[in-house]
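Let me begin by presenting the structure, written as structure tokens, before commenting on it.
The values are calculated or read from the model by the stated rules, or taken from the named source; none is laboratory data. All values derive from a computational prediction rather than experimental measurement. Cβ placement follows ideal geometry from the backbone for every residue including glycine, while neighbour counts extend to all protein chains displayed. Surface areas here come from the heavy atoms of the whole protein model, side chains and all, with no ligands, DNA or RNA. Shrake-Rupley method; radii C 1.70, N 1.55, O 1.52, S 1.80 Å.
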Amino acid sequence: MLFARGGVGVPAKTRPAGGPPPPPRGPHAVVDAFGPGVLTAEGRLDRPKLGALVFADDDMRATLNAIVHPLVRARSVELESAAGEEDIVVHDVPLLVESELTGLYDMVVVVDASPRTQLDRLVRLRGMAESEARSRMAAQATRERRTAAADLVIDNDGPLEKLEPQVRAVWERLVERAAAEG
């Protein structure tokens with residue numbers, strides 16, 4: 001929703017494997033590390049299968065992060081360099097708190113939902129088994145840790161109608177901050 005308001009960046013849902021489109025080395029490095037079983041029949045990364053592996057094993061997650069994070073950082077630098085002076089650059093960063101990257105950003109906005117809502121959405125909307133969803137949630141920062149790292153928090157426990165006014169208010173704060181710094 002911040003991108004729809006004019007934020008410059010790459011929304012996470014348009015990126016394969018949770019990051020910007022990686023250079024050719026990225027997918028090859030993932031297959032080298034995890035084997036061809038993480039590919040679909042079409043030869044693309046099988047995100048659900050890869051996610052099930054890495055969220056169940058700290059070492060595998062660290063291996064994936066070591067491959068993906070440098071690529072994501074390089075792409076972020078490219079995007080920031082390409083942005084105009086008046087643009088508000090928005091980084092949609094999965095696992096920001098877990099990766100201890102909050103210090104790289106001027107402002108951190110966390111979209112928060114209760115564990116009950118998270119579990120429901122992972123199972124109902126993403127089709128995960130409950131055990132897989134719980135494993136993924138356990139591997140992530142706690143709700144308290146995420147919200148403590150935030151400059152602004154958007155409550156995403158309710159319906160979409162409640163989300164839009166919050167996003168509008170956050171956007172207005174970002175615009176005000178950019179104007180004050182500009």
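Between residue 169 and residue 40, the simple spin-label model (points 7 angstrom out along Cα→Cβ) gives 3.9 nm. Of the residues 60, 153, 165, the one whose Cα sits farthest toward the positive end of the charge dipole of the chain, with +1 on the Cβ of Lys and Arg and -1 on the Cβ of Asp and Glu, is 60.
Each of [x] 19; [y] 12; [z] 32 is a candidate for percent of Cα pairs over 31 Å apart; the one calculated from this structure is [x]. Between residue 142 and residue 65, what FRET efficiency follows from the Cβ-Cβ distance if R0 is 25 Å, with the result rounded to 0.05? Computed FRET efficiency for residue 142 and residue 65: 0.85. In the chain, the longest principal axis of the Cα atoms and the axis of helix 115-124 are about 60 degrees apart. Taken per residue, the accessible surface of the chain reaches 61 Å², heavy atoms only and a 1.4 Å probe.
The C-alpha atoms of the chain define a longest principal axis, and helix 58-82 lies at about 40 degrees to it. With R₀ set to 30 Å, the beta-carbon distance separating residue 31 from residue 4 gives a calculated FRET efficiency near 0.30. At full extension, residue 73 and residue 179 could sit 35.6 nm farther apart than now, given 0.36 nm per residue minus the alpha carbon distance. Measuring r between the beta carbons of residue 86 and residue 161 and using R0 = 41 Å, the FRET efficiency lands at 0.85.
In order along the stretch 38-51, the phi-based Karplus estimate (6.51 cos²θ - 1.76 cosθ + 1.60, θ = phi - 60°) of 3J(HN,Hα) comes to 8, 9, 6, 4, 7, x, 9, 5, 8, 4, x, 5, 4, x Hz; Gly and Pro are listed as x.
Using a 1.4 angstrom probe on heavy atoms only, work out the carbon and sulfur share of the accessible area of the chain in %. The computed percentage sits at 53.
For the pair the stretch 115-182 and the stretch 61-111, the centres of their Cα atoms are 16 angstrom apart.
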